[in-house]
1. Identify the residue in the range A:339-377 that is free of Cβ contacts under 8 Å to residues at least 60 places away in the same chain and in contact with a Lys or Arg (Cβ under 6 Å, 6 or more places away or on another chain) and, among all such residues, is farthest from the other protein chains (Cβ to nearest Cβ).
2. Under the condition of being aromatic (Phe, Trp, Tyr) and facing another protein chain (nearest Cβ under 8 Å), which residue from the range B:1-23 is nearest to B:Tyr215 (Cα to Cα)?
3. Could you list, in sequence order, all residues of the range B:24-43 that are within 9 Å of chain A (Cβ to nearest Cβ) and either modelled with pLDDT under 95 or crowded, with 23+ Cβ neighbours inside 10 Å (or both)?
4. Residues of the range B:58-94 being away from chain A (no Cβ under 14 Å), within 27 Å of A:Trp148 (Cβ to Cβ) and among the hydroxyl-bearing types (Ser, Thr, Tyr), which ones?
5. Given (1) open to solvent by 20 Å² or more (accessible area, probe 1.4 Å); (2) touching a residue at least 24 places away in the same chain (Cβ under 8 Å); (3) at the interface with chain B (Cβ under 10 Å from one of its Cβ atoms); (4) within 24 Å of B:Asn149 (Cβ to Cβ), where does A:Cys388 come up short, assuming only one miss?
6. Any residue at all in the range B:190-206 that's assigned to a loop (DSSP other than H, G, I, E, B), among the charged types (D, E, K, R), within 30 Å of B:Leu29 (Cα to Cα) and open to solvent by 70 Å² or more (accessible area, probe 1.4 Å)?
7. Among the residues of the range A:221-241, how many are open to solvent by less than 20 Å² (accessible area, probe 1.4 Å) and either in a strand (DSSP E or B) or among the β-branched types (Val, Ile, Thr) (or both)?
8. Condition first: at pLDDT 95 or above and within 25 Å of A:Tyr136 (Cα to Cα). Now tell me which residues in the range A:256-272 satisfy that.
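The values are calculated or read from the model by the stated rules, or taken from the named source; none is laboratory data. What you see is a predicted model, and the numbers here were worked out from it, not measured in a lab. Ideal geometry is used to build each Cβ from the backbone, glycine not excepted, and the neighbour counts take in all protein chains shown. To get the accessible areas, we keep the full protein, side chains included, count just its heavy atoms, and leave off ligands, DNA and RNA. Shrake-Rupley method; radii C 1.70, N 1.55, O 1.52, S 1.80 Å.
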Amino acid sequence: MKIRAFTALVVCKAVRGLAKLFGRGSSLPGKYALKICPDILAHLELPELSIAVTGSNGKTSSVEMIAHVLQNNGYKVAYNKEGSNQIEGVVTFLLGASNMKGKVLSDIVLLEADERYARHTFKYFHPKYLVINNLYRDQMTRNGHPEWIKSIIGQAIYDDMTLILNADDPLVASFGKDREGTIYFGARILPGDKLRNEGVYDDGKYCPICKKPMKYEYYHYNHIGKFKCLHCGFSRPKIDHALTETKDENGKASITIDDKYEISVFFTGIYHCYNILAAFTAATAIGIEPEKVASSLSGYVLKSGRISDFTLGKTQGRLLLSKHENSVSYDRSIDVVVGDSRKKSVMIIVDAISRKYYTSDSSWLWDINFEKLKETEIDKIFLVGQYCDDLAVRFDLAGIDQDKVQVYETVQEAADNCNNLDSYLYVITCFSDKEKILSIVTRRELT
Amino acid sequence: MTVKILYLYADFMNLYGDNGNVRIMQRRLEDQGFNVVIENSTVYDDDIDFDADFVYMGSGYESNRNLALAHLSRFKGSLLRAVVNGVPMLFTGNSYDLLGKGITTADGTFLEGLGIFNYSFKEQLEKRYTGDVVLEEVATKDRFVGFVNRAGIPDSTEDMCCDAIKVIGNVPITKDAARVHNLLGISLIGPVLLKNPNLAEFFVSAICNRKGIEYKEIFYPRSTRSHEKTLKALLETDAGKKAR
């Protein structure tokens, strides 16, 4: 190992040790290492097996599940469990998992890779498998738009990688066009599928290859479904691993993959199912028996779970953690509300749009299908936070009964006015705002 | 009385909740007593009927925008006639680029614009220019707030009517937006008319005027508060501190 790389390694480990001592996990050690040796990743000796996961949503959950399956099957895994997925974070965790000669001491490296930074990370080492879950309108204040993200991820793909792709997402599936050996996962027709796109917008309307109109046999959600271009013939590729059934009966939920591998799950949200399917496909790709993969995944409860149950005075409720600047994630939370037959209320909190950067951009509120809330009986709707006025206009123009709507500038004001509801309260908000409500309510065990 | 909104390429150029502008115009026009009809056009239509009371176009992928430009160029004559006749029109985000002389795309190709204004843009695909901005119209001192998300920056700012008086993020612009007759092009993305009620009022009153109807002043307090809160936040936020 060259002296510069060795120095970077030592500094990274030392800073990481200090950060841990003070109870702080961050990507700062990697930042220092990269300053000392910009191509530090090229100096590491990595195990033969490596898997990277990228895409808009579900990276952390998929990586966590793949790590669980691998560890459960005897693999020693190095992965960025802290979720620092930009190049500094990747350097931090890989150097942390290395010995002083720069050899990563694990059987496999598992990597959550930020979709914008994968091109920088993979310049120096190529994961054997690259999983791409989905490409949505997500954090467009940073990510521009999905087609730009596709072009940026494209710069991170090399011939020696095997792609593991969501076949049901046209933009993702297009990475595999004319590429031998690509592995696809997807879902067969499911009970909750729709014959038309229900979103405010339709990112699957036109072919990503030729821009001519596409036709869908069915939609699982948003632009995810079985598609075919009527002009150039680009279509949903043949699936190697398929979600074939979802069941949720008498409080017992399960999904079935490839008609035979039943996995008990906490809930059957389609989002979650795709993450499990991605984990299943990645784990079987490296050679673990599908029965063993299914058994490992069965009953696994995510540490990075996005649901919290709570009590607020007399009111019982559930927080559905969504992502601001990501209409698809909000749409899925709205599906949960609409699918609940109980008497219910909804609170939407948009106070700080991001916890990482400042922006006042609330344009994404107009991409969310709030109109769908009209399909169910809602008791009260609370619109809360700095952007309550933007929300109020959006809900008004969605045609939602204004007598049900209450608007509050602060979460505390809203909480004071919904602590005595005889309806179940769903709170939909993002990481950046969740503590504002969780610090007021009493959390309960998930039931 | 019926008014027609022509939404250009509604399914192709609607990347950032741009549909909100059409919804806001619909509501405000209904509040004036109009019956509102919305006509969407696509890039595969054989014709575009510019006989409308309001024309809107939003943002899209650069590849979509280029196809929209090629399509719209076929109907340039009708579009120009409508502009000269004072049809109120709003082009937001990167659709405003195509009103100028042209766009040099990332691969160096020059796409000829509609030539209504003399500015031009140059694009790249390595990074995005994104950020919150406050624009101030030089002639009126009106301020507009919003977000910019684009691949190109102007290589000529001729005819641009606003100064960028505050930029938070990576948007290397000093000028933006252009007006002629009742046409406005502006870089801001999304529901610009929500956060800038003065623009919504301008378009609605112009439509009333063209229809020979007296414009009723109606106060939209949520929209006004959204503008004031955003303007205050943007002016007070440290521009360099929290870049994306």
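1. A:Leu365
2. Taking the range B:1-23 and keeping what is aromatic (Phe, Trp, Tyr), we get B:7, B:9, B:12, B:16.
Adding the requirement that they be facing another protein chain (nearest Cβ under 8 Å) leaves B:12, B:16.
On the way: B:Phe12: 33, B:Tyr16: 30 Å.
So, considering only residues that are aromatic (Phe, Trp, Tyr) and facing another protein chain (nearest Cβ under 8 Å), the one nearest to B:Tyr215 (Cα to Cα) is B:Tyr16.
3. B:Ile24
4. Result: B:Ser73, single match.
5. Going through (1) open to solvent by 20 Å² or more (accessible area, probe 1.4 Å); (2) touching a residue at least 24 places away in the same chain (Cβ under 8 Å); (3) at the interface with chain B (Cβ under 10 Å from one of its Cβ atoms); (4) within 24 Å of B:Asn149 (Cβ to Cβ) one by one, A:Cys388 breaks only (1).
6. No: zero hits.
7. Summing the residues that are open to solvent by less than 20 Å² (accessible area, probe 1.4 Å) and either in a strand (DSSP E or B) or among the β-branched types (Val, Ile, Thr) (or both) in the range A:221-241 gives 5.
8. Within the range A:256-272, A:Ile257 is the sole residue that qualifies.
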